[in-house]
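A short worksheet on the structure shown next.
The values are calculated or read from the model by the stated rules, or taken from the named source; none is laboratory data. Since this is a predicted model, take the numbers as computed values, not measurements. Ligands, DNA and RNA are stripped out before the accessible areas are found, and what is left, the full protein with its side chains, is counted by its heavy atoms. Shrake-Rupley method; radii C 1.70, N 1.55, O 1.52, S 1.80 Å.
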Amino acid sequence: MKIGMVLEGGGMRGMYTAGVLDVMLENEIQIDGIVGVSAGTVFGCNYKSKQIGRAIRYNKKYCRDSRYGSFKSLLKTGDIFDKEFCYSQLPKELDPFDYKTFQENPMEFYATCTDVNTGKAVYKRCYTSDDKELEWFRASASMPLVSKVVEIDGGAYLDGGIADSIPIRWMREKGFEKNIVILTRPEGYRKSKNKLIWLMRIVLHKYPNFIKAMKLRHINYNESLDELYRLRKEGSVFIFAPDAGFDTGRTESNPDKLEAAYRMGKKHAFDRLAELRTFMKENDE
């Protein structure tokens, strides 16, 4: 039986995810595959590369850099996250990503994107995190209205969370019968209709199927949550979620808040480590 992990997106709320993942790495928790969505992809890749502390380190260091999540970058480049800085300079020079370990680690890693032409989710398996695969990472994390559509091999993609925010069904279909799921919203959260659909109809008018997917997003998201909680009762899902009142924003630029989110994730993982080990052990019985 294979164990998978599902990493929800949420921008800088993903520092909570980074905290959970670092404790899992520190305690050598072994899994068979990860599917990341948006921030879950770009931060979760550090789990496959086994780089403890990297996600919180560079996010705190560069969260106030205009190239990293600012409207200045949006006006200058068309992307709120500058492509050259975030997907080239940062991983190759400023805080090097361990491409070798990522490639040699047999753990499966998938980036979830939304095909803007079909409105459907695409789950791209990434083996090397080379420049081409980093485009899939970028597409997965490219938020509508503040990012350009990412074109790869004749296709066009945006944020994976639009089509499938919590791809638990897909992971189970891939044969991952038990899954660890890291959410970036507290339990009890329910997504409501997007209030900017009117603007997306204008900006993304060439992609009517994408607009349809956005209109249905809150319904699909809430159904995925219901499925998660049902599977948890059955014993096939283990959920981490931040505490009620968690207030780290999607584009948070306060390093203290990022650190607080990270520390919360670490605490939750450490406090539930024995419970998690039991979940993993039961998988082998």
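Taking 30 Å as the cut-off for C-alpha to C-alpha distance, list the pairs among LYS48/LYS257; LYS2/LYS60; LYS92/LYS212; LYS83/LYS212 that go past it. Working shown, then result.
Numbers: LYS48/LYS257 26 Å; LYS2/LYS60 34 Å; LYS92/LYS212 37 Å; LYS83/LYS212 27 Å.
Correct reply: LYS2/LYS60; LYS92/LYS212.
Leaving ligands, DNA and RNA out of it, report the carbon-plus-sulfur percent of the accessible area of the chain at a 1.4 Å probe.
Values: 6420 of 12920 Å².
Of all accessible area on the chain, carbon and sulfur atoms account for 50 percent.
Please give the Cα centre distance for segment 169-204 versus segment 121-163, rounded to the nearest Å.
Centre-to-centre distance over Cα atoms comes out at 16 Å.
Most fluctuating residue of ILE168, ILE180, ILE239 in a GNM of the chain with Cα springs under 10 Å: which is it?
Highest fluctuation among the options: ILE239.
Per-residue ellipticity at 222 nm for the chain, helices alone: DSSP H runs ≥ 4 residues times -39500 (n - 2.57), over residue total, nearest 500 deg cm²/dmol? Please list the in-between numbers first.
Working: 11 runs with 124 residues, N = 285.
Dividing the helical sum by the residues of the chain leaves -13500 deg cm²/dmol.
What figure, in Å² to the nearest 10, do you get for the accessible area of VAL42 with a 1.4 Å probe and non-protein molecules left out?
Surface accessible to solvent at VAL42 totals approximately 30 Å².
Give the distance, in whole Å, between the Cα centre of segment 1-72 and the Cα centre of segment 207-285.
13
Please list, in chain and number order, the residues 5+ apart from PHE81 or on another chain whose amide H is under 5 Å from its amide H, with Hs placed from the backbone.
GLY69
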